[in-house]
Amino acid sequence: MSEFSLELSEEQEQLRDWVHQFSVDVVRPAAEEWDEREEFPYPIVQQAAEIGLYSWDFLAQGMLGDKTGLTIPVAIEELFWGDAGIGMAIMGSALAAAGIAASGTQEQVMEWVPQCYGDAADLKLGAFCASEPDAGSDVGGYRLRAVYDEATDEWVLNGTKAWITNGGIADIHVVVGVVDPELGSKGHASFIVPPGTPGLSQGQKYRKHGIRASHTAEVVLDEVRVPGRCLLGGKEKLDERLARVRRGEKGNAQAAMQTFEATRPAVGAQAIGVARAAYEYSLEYAKERHAFGRPIIANQGIAFMLADMATEIDASRMLVWRAAWLAKNGEFRNAEGSMAKLKAGRTATWVTERAIQILGGYGYTREYPVERWHRDAKIHDIFEGTEQIQQLVISRAISGMRIE
Ligand SMILES: Cc1cc2nc3c(=O)[nH]c(=O)nc-3n(C[C@H](O)[C@H](O)[C@H](O)COP(=O)(O)OP(=O)(O)OC[C@H]3O[C@@H](n4cnc5c(N)ncnc54)[C@H](O)[C@@H]3O)c2cc1C
């Protein structure tokens, strides 16, 4: 176990500065263009792959080689400071990797996770497919069926997934399916759908409010057959788990939830990156913009807003770092991962809205980046568990009661 410390190590500081520089040189200059194009920014992700930022190695070293848990949040904050849409395009495959790591065996992790990234010469993408058109927060309502065909040792998947980052353009789709509908969310399992599998196709591509450089689409699975070895964790373990649940014993958290729990501090870090971008920009603007013969920051009405923005950002970062440290060094006690994500998402939405206020009319135009940051921030109140779902998790944890 490592001591919790706010002091970053020398390597962490170097990493932070390295990602920051990539954001300054590559991500920020490209942000407006890809937001307007609403397309996956392949050339930018390619550049991230060339320097090793878009790679399984980077993620593995950050996750496995770090006892403090802070390395990944620190890197993500800098990347999303550059741009959240491009940041999501670079981080989207990590959700698939996390899904494989959460439920897969060591061999499955080694086989499939590298295929979510490829390399700079041959870029690959991963997608984690849990949400459905009629069930996002309500994971017990998933309908995509997974049926085992004993004769061929294959799983047959049928159904539609919604809101999937990299959906349809990914090489590896990790799909959460319902094996036993009578067991609700405890009857789920996760499957790898390998590249080029017949029956998997992209449905509608969503046109979004923010993070528009990140590709989000429906994924349709029509009689998709995957080999038995594509069931994450293996059949024996699944059968044992389902048998335990049927006997009324306490089952493990459902597959999708395990993935989201592990990724919440990282999503909080994304939100902080967006908030910090807007805060820094509006602070400089407030010093330069004059009204009534003085810089607008000379008015308490503006200066106090900036003071509150700085305070909220730091408070959010403390919660994210605590959650990231706990995830590595013990376990969450009072849903600290959810607290961090809830607070950071709200902070990003609030701070970016205040940033528009500080820029006045200019803040409301596309000439300045704060309107984009405001649009980008809002997603952090929605995906990987909405505000209300985080509140639900926290209230259950603190009360020990079934809150509906
Ligand atoms: C850009 C984007 C990318 C995404 N990427 C992925 C991805 O890669 N993979 C994936 O699987 N999913 C992804 N999602 C889906 C995302 O996780 C869901 O949108 C989210 O979980 C909410 O589900 P929903 O949209 O169905 O809303 P709903 O669950 O229908 O919720 C609607 C509203 O009701 C509230 N609500 C629901 N239940 C309760 C309750 N019990 N108590 C109080 N309030 C409640 C919610 O908080 C929300 O305000 C993505 C979504 C977006 C927008």
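Only the coordinates and a few stated rules stand behind these numbers; no lab work does. Note that this is a predicted model, so its numbers are computed, not measured. Glycine gets a Cβ as well: all are built from the backbone with ideal geometry, and neighbour counts include every protein chain shown.
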(request) Quickly work out the Tyr364-to-Asp308 label distance, labels modelled 7 Å from Cα along the C-beta direction, and quote it in nm with one decimal. (result) 2.0
(message) Longer than 27 Å from Cα to Cα, which of Lys161/Lys235; Lys186/Lys341; Lys124/Lys205; Lys208/Lys343; Lys124/Lys161 are they? Say none if no pair is.
(response) none
(request) Go ahead and set up a Gaussian network model of the chain, Cα springs under 10 Å, then flag whichever of Ile100, Ile44, Ile302 fluctuates most. (result) Ile302
(message) List the residue ranges in the chain for DSSP H helices whose C-alpha atoms run 27 angstrom or more along the long axis and whose Kyte-Doolittle average is 0.0 or above.
(response) 84-103, 300-328
(message) Give me Cys129, Cys116 sorted ascending by neighbouring Cβ count inside 10 Å, so fewest comes first.
(response) Cys116, Cys129
(message) Only counting other Cβ atoms within 10 Å, I'd like Val27, Val267 sorted with the fewest neighbours first.
(response) Val267, Val27
(message) Which residue, Phe22, Trp34, Met339, has the largest displacement toward the positive end of the dipole of the chain when charges sit on each Cβ (Lys, Arg +1; Asp, Glu -1)?
(response) Met339
(request) Could you tell me the largest-minus-smallest coordinate of the C-alpha atoms of segment 126-246 on each of the three principal axes, in descending order and whole angstroms? (result) 44, 30, 20
(request) Choose one answer from Glu33, Glu77, Glu236: the residue with the largest mean-square fluctuation in a GNM of the chain with alpha-carbon springs under 10 Å. (result) Glu236
(request) Send over the semi-axes of segment 255-399's equivalent ellipsoid, whole angstrom and largest first, taken as the square roots of 5 times the C-alpha gyration tensor eigenvalues. (result) 33, 15, 11
(message) Give me the percent relative contact order of the chain, please, defined on Cα pairs under 8 angstrom at least 6 residues apart.
(response) 17
(request) Mind putting a number on the dipole of the chain about its Cα centre? Charges go on the C-beta only, +1 for Lys and Arg and -1 for Asp and Glu, and I need it in Debye to the nearest 20. (result) 1180
(message) Per 0.36 nm of contour for each residue apart, how much would the distance between Ala291 and Gln204 grow if the chain were fully extended, relative to their Cα-Cα spacing?
(response) 26.6 nm
(message) For a quick check: sort His173, His215, His20, His290 by the number of other beta carbons within 10 angstrom, fewest at the front.
(response) His290, His20, His215, His173
(message) Of the candidates Gly136, Gly361, Gly85, which one comes out as most mobile in a Gaussian network treatment of the chain with C-alpha springs shorter than 10 Å?
(response) Gly361
(request) Can you tell me the FRET efficiency between Asp57 and Arg225 if r is taken as the Cβ-Cβ distance and R0 is 45 Å, rounded to the nearest 0.05? (result) 0.90
(message) Let me check against my output: what whole-number percent is the relative contact order of segment 181-245, with C-alpha pairs under 8 Å and at least 6 apart?
(response) 40
(request) Output the Cα-based Rg and Dmax of the chain in Å, rounding Rg to one decimal and Dmax to a whole number. (result) 21.5, 82
(message) Helix-only estimate, please: 222 nm mean residue ellipticity of the chain, summing -39500 (n - 2.57) across DSSP H runs of length 4 or more and dividing by its residues, to the nearest 500.
(response) -16500 deg cm²/dmol
